[in-house]
1. Write out, first by first residue and then by second, each pair whose Cβ atoms fall under 6 Å of each other, whose residues are 6+ apart or on separate chains, and whose first residue, in the stretch 66-90, is touching a residue at least 40 places away in the same chain (Cβ under 8 Å) and basic (Lys, Arg) while the second is outside any strand (DSSP E or B) and open to solvent by 40 Å² or more (accessible area, probe 1.4 Å).
2. Could you pull out the residue among Cys28, Cys39 that is within 16 Å of the ligand (Cβ to nearest atom) and modelled with pLDDT under 90?
3. Determine which single condition Met404 fails, assuming it passes every other condition in (1) over 15 Å from Ser487 (Cβ atoms); (2) in contact with a Leu (Cβ under 8 Å, 6 or more places away or on another chain); (3) in contact (Cβ under 8 Å) with a residue 40 or more places away in the chain.
4. Among the residues that make up the stretch 485-500, is at least one of them within 16 Å of Leu72 (Cβ to Cβ) and charged (D, E, K, R)?
5. Could you grab the pairs with beta carbons closer than 8 Å, sequence gap of 6+ or different chains, first residue in the stretch 115-128 and under 16 Å from Ser89 (Cβ atoms) and of a type outside the set (A, V, I, L, M), second one away from the ligand (no atom under 15 Å from the Cβ) and open to solvent by less than 10 Å² (accessible area, probe 1.4 Å)?
6. Counting only residues that are within 15 Å of the chain's Cα centre (by Cα) and open to solvent by 30 Å² or more (accessible area, probe 1.4 Å), which one in the stretch 99-127 is nearest to the ligand (Cβ to nearest atom)?
7. Within the stretch 162-178, which residues are farther than 30 Å from Glu74 by Cα and at pLDDT 90 or above?
8. Quick check on my filter: what residues within the stretch 272-313 are out of contact with any Gly (no Cβ under 8 Å at 6 or more places or on another chain) and small (Gly, Ala, Ser)?
Amino acid sequence: MGIVPTARQMINQCFRNFSVSTAEISKCLLLAPCKENFCKSVITLHKRFMKYHSNKFGHLPKLSPQEVTNILRENEYSQEFNSPGSVKSYDSNQLASNNPTEDARSEACCLMTTGMLVGVFDGHGGPSCAQVVAKRLLHYIAACLLPPDDLQRYLQSLGNDECIKLLEEYNDKVVLTEELSELYKNSFLTFVKELSGTKTSHMDFHMKEAMERAFLRLDEDISREALQDQSGRINIETLTVAMSGAVACVAHIDGPHLHIASAGDCVGVIGVLNDGGTWVAKKLTTEHNSDNRTEVERILKEHPPNERDTVIKMERLLGQLAPLRALGDFRYKWSRDILNHIVKPYFGENSLAPHYYTPPYLTACPDVTHYRLTPRDKFLVIASDGLWDLVSPLQVVRLVGEHMSGKVTLSPFRLPRKNMRISEINKMLLQRKEGLKKKPIDTNAATHLLRNALGGTEYGIDHGKLSQLLSMPEGIVRLFRDDITISVIYFDSEYLRHCPP
Ligand code: MG
(Lines give C-alpha, C1' and ligand atoms only; values in the text may rest on other atoms or scores of the structure.)
Protein backbone atom coordinates (compact mmCIF):
# COMPACT_ATOMS: atom_id res chain seq x y z
CA MET A 1 0.00 0.00 0.00
CA GLY A 2 1.39 3.37 -0.92
CA ILE A 3 0.23 6.91 -0.36
CA VAL A 4 -3.41 8.04 -0.61
CA PRO A 5 -3.23 10.16 -3.79
CA THR A 6 -1.80 7.20 -5.70
CA ALA A 7 -4.74 4.98 -4.78
CA ARG A 8 -7.18 7.75 -5.66
CA GLN A 9 -5.43 8.46 -8.93
CA MET A 10 -5.51 4.80 -9.84
CA ILE A 11 -9.23 4.43 -9.19
CA ASN A 12 -9.88 7.63 -11.08
CA GLN A 13 -7.79 6.55 -14.02
CA CYS A 14 -9.34 3.10 -14.03
CA PHE A 15 -12.88 4.41 -14.14
CA ARG A 16 -12.01 6.93 -16.79
CA ASN A 17 -10.49 4.28 -18.99
CA PHE A 18 -13.59 2.17 -18.74
CA SER A 19 -16.01 5.12 -19.12
CA VAL A 20 -17.86 4.79 -15.85
CA SER A 21 -20.12 7.63 -14.66
CA THR A 22 -18.81 10.49 -12.50
CA ALA A 23 -21.21 9.42 -9.73
CA GLU A 24 -19.48 6.05 -9.53
CA ILE A 25 -16.04 7.67 -9.49
CA SER A 26 -17.04 9.88 -6.55
CA LYS A 27 -18.47 6.89 -4.69
CA CYS A 28 -15.24 4.93 -5.00
CA LEU A 29 -13.03 7.92 -4.19
CA LEU A 30 -14.99 8.43 -0.98
CA LEU A 31 -14.19 4.85 -0.03
CA ALA A 32 -10.54 5.06 -1.04
CA PRO A 33 -8.75 6.56 2.00
CA CYS A 34 -8.87 3.60 4.36
CA LYS A 35 -7.25 0.32 3.47
CA GLU A 36 -10.24 -1.92 4.22
CA ASN A 37 -12.65 0.27 2.30
CA PHE A 38 -10.16 0.63 -0.48
CA CYS A 39 -10.06 -3.16 -0.84
CA LYS A 40 -13.85 -3.28 -0.74
CA SER A 41 -14.12 -0.63 -3.42
CA VAL A 42 -11.65 -2.54 -5.58
CA ILE A 43 -13.66 -5.75 -5.19
CA THR A 44 -16.85 -3.89 -6.07
CA LEU A 45 -15.08 -2.40 -9.04
CA HIS A 46 -13.90 -5.82 -10.14
CA LYS A 47 -17.40 -7.31 -9.91
CA ARG A 48 -18.95 -4.42 -11.83
CA PHE A 49 -16.39 -4.71 -14.56
CA MET A 50 -17.02 -8.41 -14.90
CA LYS A 51 -20.76 -7.91 -15.03
CA TYR A 52 -21.27 -4.83 -17.14
CA HIS A 53 -18.06 -4.27 -19.00
CA SER A 54 -17.00 -7.78 -19.88
CA ASN A 55 -17.03 -6.77 -23.54
CA LYS A 56 -14.39 -4.12 -22.75
CA PHE A 57 -12.01 -6.85 -21.59
CA GLY A 58 -12.38 -8.35 -25.02
CA HIS A 59 -9.34 -6.40 -26.17
CA LEU A 60 -7.15 -8.01 -23.52
CA PRO A 61 -5.10 -10.86 -24.87
CA LYS A 62 -6.47 -14.17 -23.67
CA LEU A 63 -3.48 -16.14 -22.47
CA SER A 64 -3.00 -19.82 -23.18
CA PRO A 65 -2.34 -22.14 -20.20
CA GLN A 66 1.31 -22.30 -21.27
CA GLU A 67 1.58 -18.50 -21.40
CA VAL A 68 0.07 -18.25 -17.91
CA THR A 69 2.57 -20.82 -16.66
CA ASN A 70 5.47 -18.97 -18.29
CA ILE A 71 4.49 -15.71 -16.55
CA LEU A 72 4.01 -17.43 -13.20
CA ARG A 73 7.35 -19.22 -13.42
CA GLU A 74 9.45 -16.36 -14.73
CA ASN A 75 11.01 -15.49 -11.36
CA GLU A 76 10.82 -18.81 -9.57
CA TYR A 77 13.88 -20.12 -7.82
CA SER A 78 14.67 -23.19 -5.71
CA GLN A 79 17.67 -24.05 -3.60
CA GLU A 80 18.46 -27.30 -1.84
CA PHE A 81 20.92 -27.71 1.02
CA ASN A 82 22.83 -30.94 1.33
CA SER A 83 24.73 -30.31 4.55
CA PRO A 84 22.86 -31.32 7.72
CA GLY A 85 20.75 -28.55 9.22
CA SER A 86 17.19 -27.56 9.99
CA VAL A 87 16.67 -25.95 6.56
CA LYS A 88 16.32 -28.57 3.85
CA SER A 89 15.51 -26.31 0.89
CA TYR A 90 13.58 -23.23 -0.11
CA ASP A 91 11.38 -22.09 -2.99
CA SER A 92 10.86 -18.45 -3.90
CA ASN A 93 8.97 -16.48 -6.50
CA GLN A 94 7.90 -12.97 -7.32
CA LEU A 95 5.14 -11.53 -9.49
CA ALA A 96 5.26 -7.84 -10.32
CA SER A 97 2.27 -5.55 -10.46
CA ASN A 98 4.14 -2.24 -10.43
CA ASN A 99 6.61 -1.67 -13.23
CA PRO A 100 9.30 -2.11 -12.05
CA THR A 101 8.25 -4.19 -9.04
CA GLU A 102 8.59 -2.43 -5.69
CA ASP A 103 9.13 -5.73 -3.83
CA ALA A 104 12.55 -7.30 -3.31
CA ARG A 105 13.92 -10.41 -1.63
CA SER A 106 17.22 -11.94 -0.57
CA GLU A 107 18.41 -15.22 0.89
CA ALA A 108 21.84 -16.22 2.14
CA CYS A 109 23.75 -18.63 4.35
CA CYS A 110 25.99 -17.11 7.02
CA LEU A 111 29.57 -18.26 6.42
CA MET A 112 31.31 -17.13 9.62
CA THR A 113 28.46 -18.22 11.89
CA THR A 114 25.91 -20.99 11.47
CA GLY A 115 22.43 -20.32 10.15
CA MET A 116 20.53 -18.97 7.22
CA LEU A 117 18.86 -15.62 6.51
CA VAL A 118 15.74 -15.09 4.39
CA GLY A 119 14.30 -11.63 3.77
CA VAL A 120 11.25 -10.22 1.99
CA PHE A 121 11.01 -6.47 1.40
CA ASP A 122 8.02 -4.50 0.18
CA GLY A 123 8.84 -1.06 -1.12
CA HIS A 124 6.66 2.00 -1.67
CA GLY A 125 7.17 5.36 -3.33
CA GLY A 126 9.44 3.61 -5.88
CA PRO A 127 11.60 0.49 -5.89
CA SER A 128 14.96 2.00 -4.75
CA CYS A 129 14.76 1.60 -0.99
CA ALA A 130 13.54 -2.03 -1.09
CA GLN A 131 16.29 -2.97 -3.56
CA VAL A 132 19.00 -1.33 -1.51
CA VAL A 133 17.73 -2.89 1.73
CA ALA A 134 17.56 -6.33 0.09
CA LYS A 135 21.14 -5.91 -1.08
CA ARG A 136 22.54 -4.73 2.27
CA LEU A 137 20.48 -5.76 5.29
CA LEU A 138 21.57 -9.41 5.48
CA HIS A 139 25.23 -8.27 5.59
CA TYR A 140 24.43 -5.91 8.48
CA ILE A 141 22.72 -8.75 10.35
CA ALA A 142 25.56 -11.20 9.62
CA ALA A 143 28.08 -8.67 11.01
CA CYS A 144 26.00 -8.17 14.17
CA LEU A 145 26.08 -11.95 14.77
CA LEU A 146 29.89 -12.14 14.80
CA PRO A 147 31.78 -12.59 18.06
CA PRO A 148 34.59 -10.01 18.67
CA ASP A 149 37.43 -12.29 17.52
CA ASP A 150 35.72 -13.02 14.22
CA LEU A 151 34.97 -9.33 13.66
CA GLN A 152 38.69 -8.66 14.01
CA ARG A 153 39.58 -11.56 11.72
CA TYR A 154 37.07 -10.31 9.13
CA LEU A 155 38.44 -6.75 9.28
CA GLN A 156 42.02 -7.93 8.91
CA SER A 157 41.11 -10.07 5.90
CA LEU A 158 39.76 -6.98 4.07
CA GLY A 159 43.29 -5.64 3.89
CA ASN A 160 44.72 -8.67 2.10
CA ASP A 161 43.82 -10.67 -1.00
CA GLU A 162 42.10 -13.47 0.93
CA CYS A 163 39.04 -11.39 1.81
CA ILE A 164 36.63 -13.44 3.97
CA LYS A 165 33.03 -13.60 2.75
CA LEU A 166 30.29 -13.10 5.33
CA LEU A 167 27.48 -14.57 3.24
CA GLU A 168 26.80 -17.06 0.50
CA GLU A 169 23.99 -15.33 -1.39
CA TYR A 170 21.52 -17.03 -3.72
CA ASN A 171 19.67 -15.73 -6.76
CA ASP A 172 21.05 -12.20 -6.34
CA LYS A 173 20.35 -10.35 -9.55
CA VAL A 174 20.54 -6.72 -8.44
CA VAL A 175 23.63 -4.95 -9.77
CA LEU A 176 24.59 -1.63 -8.14
CA THR A 177 26.46 1.14 -9.92
CA GLU A 178 30.16 1.27 -9.08
CA GLU A 179 29.74 4.54 -7.23
CA LEU A 180 26.93 3.24 -5.00
CA SER A 181 28.70 -0.04 -4.42
CA GLU A 182 31.80 1.83 -3.17
CA LEU A 183 29.73 4.14 -0.96
CA TYR A 184 27.85 1.20 0.60
CA LYS A 185 31.07 -0.74 1.13
CA ASN A 186 32.58 2.19 3.04
CA SER A 187 29.48 2.62 5.22
CA PHE A 188 29.52 -1.08 6.03
CA LEU A 189 33.22 -1.05 6.86
CA THR A 190 32.75 1.88 9.24
CA PHE A 191 29.94 -0.04 10.92
CA VAL A 192 32.01 -3.23 11.30
CA LYS A 193 34.89 -1.21 12.79
CA GLU A 194 32.51 0.35 15.32
CA LEU A 195 31.06 -3.06 16.14
CA SER A 196 34.49 -4.53 16.80
CA GLY A 197 35.28 -1.60 19.08
CA THR A 198 32.11 -1.92 21.16
CA LYS A 199 31.58 -5.65 21.41
CA THR A 200 33.00 -7.07 24.60
CA SER A 201 32.19 -10.72 25.12
CA HIS A 202 30.22 -13.68 23.78
CA MET A 203 28.03 -13.52 26.87
CA ASP A 204 26.64 -10.12 25.86
CA PHE A 205 25.11 -11.50 22.70
CA HIS A 206 21.36 -11.34 22.23
CA MET A 207 19.77 -12.12 18.89
CA LYS A 208 16.97 -9.56 19.39
CA GLU A 209 19.42 -6.70 19.96
CA ALA A 210 21.61 -7.87 17.06
CA MET A 211 18.73 -7.83 14.58
CA GLU A 212 17.38 -4.50 15.86
CA ARG A 213 20.82 -2.99 15.64
CA ALA A 214 21.27 -4.15 12.04
CA PHE A 215 17.92 -2.70 10.90
CA LEU A 216 18.47 0.62 12.68
CA ARG A 217 22.08 1.02 11.59
CA LEU A 218 21.29 0.38 7.92
CA ASP A 219 18.48 2.95 8.18
CA GLU A 220 20.88 5.50 9.74
CA ASP A 221 23.38 4.83 6.96
CA ILE A 222 20.70 5.38 4.28
CA SER A 223 19.94 8.75 5.91
CA ARG A 224 23.58 9.80 6.23
CA GLU A 225 24.44 8.77 2.67
CA ALA A 226 21.58 10.91 1.35
CA LEU A 227 22.59 14.00 3.29
CA GLN A 228 26.39 13.82 3.32
CA ASP A 229 27.89 13.48 -0.07
CA GLN A 230 31.67 13.54 0.21
CA SER A 231 31.89 16.32 -2.38
CA GLY A 232 29.27 18.41 -0.56
CA ARG A 233 26.76 17.96 -3.38
CA ILE A 234 23.35 16.35 -2.98
CA ASN A 235 23.40 12.92 -4.55
CA ILE A 236 19.96 12.49 -6.11
CA GLU A 237 20.39 8.71 -6.21
CA THR A 238 20.92 8.29 -2.47
CA LEU A 239 18.27 10.94 -1.77
CA THR A 240 15.78 8.90 -3.84
CA VAL A 241 16.63 5.79 -1.79
CA ALA A 242 16.01 7.73 1.43
CA MET A 243 12.75 9.27 0.21
CA SER A 244 11.27 5.94 -0.88
CA GLY A 245 10.59 3.32 1.78
CA ALA A 246 10.46 -0.41 2.44
CA VAL A 247 8.95 -2.71 5.02
CA ALA A 248 11.11 -5.70 5.86
CA CYS A 249 10.77 -9.17 7.30
CA VAL A 250 13.91 -11.27 7.86
CA ALA A 251 14.15 -14.74 9.39
CA HIS A 252 17.33 -16.19 10.84
CA ILE A 253 17.19 -19.97 11.14
CA ASP A 254 19.92 -21.81 13.01
CA GLY A 255 19.24 -25.40 14.08
CA PRO A 256 15.97 -25.40 16.00
CA HIS A 257 16.12 -21.65 16.63
CA LEU A 258 14.12 -19.37 14.41
CA HIS A 259 14.23 -15.60 14.94
CA ILE A 260 12.06 -13.41 12.79
CA ALA A 261 12.45 -9.64 12.64
CA SER A 262 9.72 -7.57 11.08
CA ALA A 263 9.16 -3.86 10.55
CA GLY A 264 5.95 -3.14 8.62
CA ASP A 265 3.37 -5.44 7.09
CA CYS A 266 5.12 -8.45 5.57
CA VAL A 267 4.02 -11.67 7.28
CA GLY A 268 5.81 -14.86 8.37
CA VAL A 269 3.76 -18.01 9.02
CA ILE A 270 4.82 -21.51 10.09
CA GLY A 271 3.01 -24.54 8.68
CA VAL A 272 2.53 -27.05 11.52
CA LEU A 273 1.33 -30.58 10.87
CA ASN A 274 -0.60 -31.92 13.88
CA ASP A 275 -0.53 -35.57 14.93
CA GLY A 276 -4.03 -35.89 13.54
CA GLY A 277 -2.72 -34.87 10.10
CA THR A 278 -4.34 -31.44 10.04
CA TRP A 279 -2.47 -28.27 9.13
CA VAL A 280 -2.24 -25.35 11.52
CA ALA A 281 -0.93 -21.87 10.66
CA LYS A 282 1.26 -20.22 13.31
CA LYS A 283 1.68 -16.55 12.54
CA LEU A 284 5.03 -15.29 13.84
CA THR A 285 4.69 -11.60 12.96
CA THR A 286 2.20 -8.85 13.72
CA GLU A 287 1.70 -6.21 11.05
CA HIS A 288 2.55 -2.66 11.99
CA ASN A 289 -0.48 -0.88 10.62
CA SER A 290 -3.47 0.97 12.02
CA ASP A 291 -5.30 -2.29 12.82
CA ASN A 292 -2.60 -2.97 15.42
CA ARG A 293 -3.84 -1.13 18.55
CA THR A 294 -0.55 -1.55 20.47
CA GLU A 295 1.33 0.00 17.60
CA VAL A 296 -1.10 2.91 17.27
CA GLU A 297 -0.85 3.56 21.03
CA ARG A 298 2.96 3.45 20.86
CA ILE A 299 2.99 6.13 18.18
CA LEU A 300 0.39 8.33 19.86
CA LYS A 301 2.43 8.23 23.10
CA GLU A 302 5.52 9.48 21.27
CA HIS A 303 3.84 12.74 20.23
CA PRO A 304 2.09 15.53 22.18
CA PRO A 305 -1.67 15.17 22.87
CA ASN A 306 -2.56 18.00 20.49
CA GLU A 307 -1.36 15.81 17.58
CA ARG A 308 -3.67 12.91 18.51
CA ASP A 309 -6.01 13.53 15.60
CA THR A 310 -3.34 14.09 12.98
CA VAL A 311 -0.53 11.57 13.71
CA ILE A 312 -2.74 8.74 12.45
CA LYS A 313 -5.46 9.92 10.15
CA MET A 314 -7.59 7.90 7.75
CA GLU A 315 -5.78 4.80 9.11
CA ARG A 316 -2.43 6.10 7.86
CA LEU A 317 0.58 7.79 9.39
CA LEU A 318 0.01 11.57 8.95
CA GLY A 319 -2.83 10.58 6.62
CA GLN A 320 -0.34 9.22 4.09
CA LEU A 321 1.57 6.04 4.90
CA ALA A 322 -0.18 2.69 5.56
CA PRO A 323 2.65 0.75 7.28
CA LEU A 324 3.59 2.24 10.67
CA ARG A 325 7.22 1.06 10.63
CA ALA A 326 9.61 1.06 7.67
CA LEU A 327 13.16 1.60 6.52
CA GLY A 328 13.81 4.72 4.46
CA ASP A 329 10.80 7.08 4.19
CA PHE A 330 12.85 9.93 5.63
CA ARG A 331 10.03 12.34 4.76
CA TYR A 332 8.56 11.02 8.06
CA LYS A 333 11.84 11.00 9.99
CA TRP A 334 13.99 14.03 9.16
CA SER A 335 13.56 17.45 10.76
CA ARG A 336 11.35 20.10 9.14
CA ASP A 337 14.50 22.04 8.46
CA ILE A 338 16.11 19.27 6.40
CA LEU A 339 12.88 18.61 4.50
CA ASN A 340 12.40 22.31 3.73
CA HIS A 341 15.96 23.07 2.68
CA ILE A 342 17.30 19.87 1.19
CA VAL A 343 14.33 17.79 0.05
CA LYS A 344 11.79 20.35 -1.16
CA PRO A 345 13.98 21.71 -3.99
CA TYR A 346 14.12 18.19 -5.48
CA PHE A 347 10.84 16.59 -4.44
CA GLY A 348 8.51 19.59 -4.31
CA GLU A 349 6.10 21.05 -1.75
CA ASN A 350 4.41 17.71 -1.04
CA SER A 351 7.56 16.26 0.48
CA LEU A 352 6.53 17.83 3.80
CA ALA A 353 3.44 16.05 5.14
CA PRO A 354 0.66 18.13 6.70
CA HIS A 355 0.83 18.49 10.51
CA TYR A 356 4.54 17.65 10.57
CA TYR A 357 5.56 19.05 13.96
CA THR A 358 7.48 16.52 16.09
CA PRO A 359 9.48 14.13 13.90
CA PRO A 360 10.48 11.34 13.75
CA TYR A 361 7.06 9.79 13.21
CA LEU A 362 8.42 6.54 11.81
CA THR A 363 10.97 3.95 12.95
CA ALA A 364 12.79 1.08 11.26
CA CYS A 365 13.08 -0.85 14.55
CA PRO A 366 11.72 -4.37 14.02
CA ASP A 367 9.78 -6.61 16.38
CA VAL A 368 11.89 -9.73 16.90
CA THR A 369 10.25 -13.06 17.77
CA HIS A 370 12.00 -16.27 18.79
CA TYR A 371 10.39 -19.58 17.88
CA ARG A 372 11.71 -23.04 18.80
CA LEU A 373 11.21 -25.40 15.89
CA THR A 374 9.90 -28.93 16.50
CA PRO A 375 9.56 -31.85 14.06
CA ARG A 376 5.91 -30.82 13.54
CA ASP A 377 6.98 -27.50 12.00
CA LYS A 378 7.26 -28.32 8.30
CA PHE A 379 7.85 -24.96 6.62
CA LEU A 380 7.93 -21.20 7.00
CA VAL A 381 6.28 -18.88 4.48
CA ILE A 382 7.36 -15.23 4.35
CA ALA A 383 5.49 -13.02 1.92
CA SER A 384 4.66 -9.42 1.13
CA ASP A 385 1.10 -8.13 1.68
CA GLY A 386 0.29 -8.74 -1.99
CA LEU A 387 -0.17 -12.43 -1.12
CA TRP A 388 -2.06 -11.87 2.14
CA ASP A 389 -4.51 -9.52 0.38
CA LEU A 390 -5.66 -12.58 -1.58
CA VAL A 391 -5.31 -15.55 0.79
CA SER A 392 -5.29 -16.10 4.56
CA PRO A 393 -2.36 -17.64 6.51
CA LEU A 394 -4.36 -20.86 6.98
CA GLN A 395 -5.16 -21.09 3.27
CA VAL A 396 -1.47 -20.56 2.51
CA VAL A 397 -0.39 -23.27 4.95
CA ARG A 398 -2.98 -25.72 3.56
CA LEU A 399 -1.91 -24.97 -0.01
CA VAL A 400 1.78 -25.56 0.75
CA GLY A 401 0.90 -28.66 2.83
CA GLU A 402 -1.18 -30.04 -0.01
CA HIS A 403 1.63 -29.18 -2.41
CA MET A 404 4.12 -31.09 -0.22
CA SER A 405 2.09 -34.28 -0.36
CA GLY A 406 1.35 -33.83 -4.05
CA LYS A 407 4.92 -32.94 -4.92
CA VAL A 408 6.35 -36.25 -3.66
CA THR A 409 4.57 -37.96 -6.56
CA LEU A 410 6.62 -35.90 -9.04
CA SER A 411 9.83 -37.75 -8.08
CA PRO A 412 10.61 -41.48 -7.61
CA PHE A 413 9.85 -43.09 -4.23
CA ARG A 414 12.81 -42.91 -1.85
CA LEU A 415 13.23 -43.90 1.78
CA PRO A 416 14.41 -40.97 3.92
CA ARG A 417 16.56 -43.18 6.19
CA LYS A 418 17.74 -46.75 6.70
CA ASN A 419 16.16 -49.32 9.04
CA MET A 420 12.61 -48.11 8.62
CA ARG A 421 9.78 -50.28 9.90
CA ILE A 422 7.34 -51.83 7.42
CA SER A 423 4.50 -49.90 9.08
CA GLU A 424 6.37 -46.62 8.48
CA ILE A 425 7.01 -47.48 4.84
CA ASN A 426 3.36 -48.46 4.46
CA LYS A 427 2.32 -45.06 5.90
CA MET A 428 4.56 -43.29 3.39
CA LEU A 429 3.15 -45.30 0.49
CA LEU A 430 -0.41 -44.51 1.56
CA GLN A 431 0.50 -40.80 1.77
CA ARG A 432 1.97 -41.06 -1.71
CA LYS A 433 -1.20 -42.68 -3.04
CA GLU A 434 -3.20 -39.85 -1.48
CA GLY A 435 -0.76 -37.33 -2.98
CA LEU A 436 -1.37 -38.64 -6.49
CA LYS A 437 -4.85 -37.14 -6.33
CA LYS A 438 -3.31 -33.71 -5.69
CA LYS A 439 -0.42 -33.88 -8.13
CA PRO A 440 0.50 -30.21 -8.62
CA ILE A 441 1.23 -28.43 -11.90
CA ASP A 442 4.17 -26.55 -10.37
CA THR A 443 7.12 -28.06 -8.54
CA ASN A 444 7.91 -24.73 -6.88
CA ALA A 445 5.64 -24.13 -3.84
CA ALA A 446 5.82 -20.33 -4.23
CA THR A 447 4.55 -20.66 -7.81
CA HIS A 448 1.82 -23.03 -6.56
CA LEU A 449 0.79 -20.32 -4.08
CA LEU A 450 0.80 -17.63 -6.79
CA ARG A 451 -1.34 -19.75 -9.11
CA ASN A 452 -3.86 -20.55 -6.38
CA ALA A 453 -3.95 -17.06 -4.86
CA LEU A 454 -4.70 -15.51 -8.26
CA GLY A 455 -6.77 -18.19 -9.94
CA GLY A 456 -8.18 -20.26 -7.08
CA THR A 457 -11.95 -20.78 -6.77
CA GLU A 458 -14.04 -23.23 -4.76
CA TYR A 459 -13.88 -25.60 -7.70
CA GLY A 460 -10.17 -25.39 -8.43
CA ILE A 461 -8.05 -23.11 -10.62
CA ASP A 462 -10.03 -20.89 -12.98
CA HIS A 463 -7.89 -20.33 -16.05
CA GLY A 464 -10.03 -17.41 -17.23
CA LYS A 465 -9.48 -15.56 -13.95
CA LEU A 466 -5.73 -16.21 -14.07
CA SER A 467 -5.46 -15.12 -17.68
CA GLN A 468 -7.38 -11.93 -16.95
CA LEU A 469 -5.33 -11.03 -13.86
CA LEU A 470 -2.07 -11.66 -15.71
CA SER A 471 -2.90 -9.73 -18.85
CA MET A 472 -4.34 -6.50 -17.49
CA PRO A 473 -2.76 -3.32 -18.82
CA GLU A 474 -0.14 -1.46 -16.77
CA GLY A 475 -1.71 1.16 -14.53
CA ILE A 476 -4.91 -0.84 -14.16
CA VAL A 477 -3.41 -4.06 -12.83
CA ARG A 478 -2.31 -2.45 -9.53
CA LEU A 479 -5.99 -2.03 -8.64
CA PHE A 480 -6.52 -5.77 -8.68
CA ARG A 481 -3.28 -7.11 -7.31
CA ASP A 482 -0.17 -5.79 -5.55
CA ASP A 483 3.42 -6.95 -6.16
CA ILE A 484 3.74 -10.41 -4.63
CA THR A 485 6.92 -11.93 -3.19
CA ILE A 486 6.96 -15.36 -1.54
CA SER A 487 9.63 -17.50 0.11
CA VAL A 488 8.80 -20.99 1.36
CA ILE A 489 11.50 -22.48 3.60
CA TYR A 490 11.28 -26.23 4.26
CA PHE A 491 12.47 -27.74 7.52
CA ASP A 492 14.12 -31.12 7.90
CA SER A 493 11.89 -33.01 10.36
CA GLU A 494 14.44 -35.78 10.85
CA TYR A 495 17.12 -33.22 11.78
CA LEU A 496 14.75 -31.42 14.17
CA ARG A 497 13.80 -34.74 15.80
CA HIS A 498 17.39 -35.45 16.74
CA CYS A 499 19.10 -32.08 17.04
CA PRO A 500 20.38 -30.86 20.41
CA PRO A 501 18.38 -28.08 22.11
MG1 MG B 1 2.76 -4.61 -1.07
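The values are calculated or read from the model by the stated rules, or taken from the named source; none is laboratory data. These numbers come from a predicted model, not from an experiment. FYI the Cβ positions are ideal-geometry reconstructions off the backbone, even for glycines, and counts take in every protein chain you see. Surface accessibility is based on the protein's heavy atoms, side chains included, excluding ligands, DNA and RNA. Shrake-Rupley method; radii C 1.70, N 1.55, O 1.52, S 1.80 Å.
1. The qualifying pairs are Lys88/Asp492.
2. Residue meeting the stated conditions: Cys39.
3. (2)
4. no
5. Filtered contacts from the stretch 115-128: Gly115/His252; Gly115/Ile253.
6. Among those that are within 15 Å of the chain's Cα centre (by Cα) and open to solvent by 30 Å² or more (accessible area, probe 1.4 Å), it is Glu102.
7. The one that is farther than 30 Å from Glu74 by Cα and at pLDDT 90 or above: Ile164.
8. The answer is Gly276, Gly277, Ser290.
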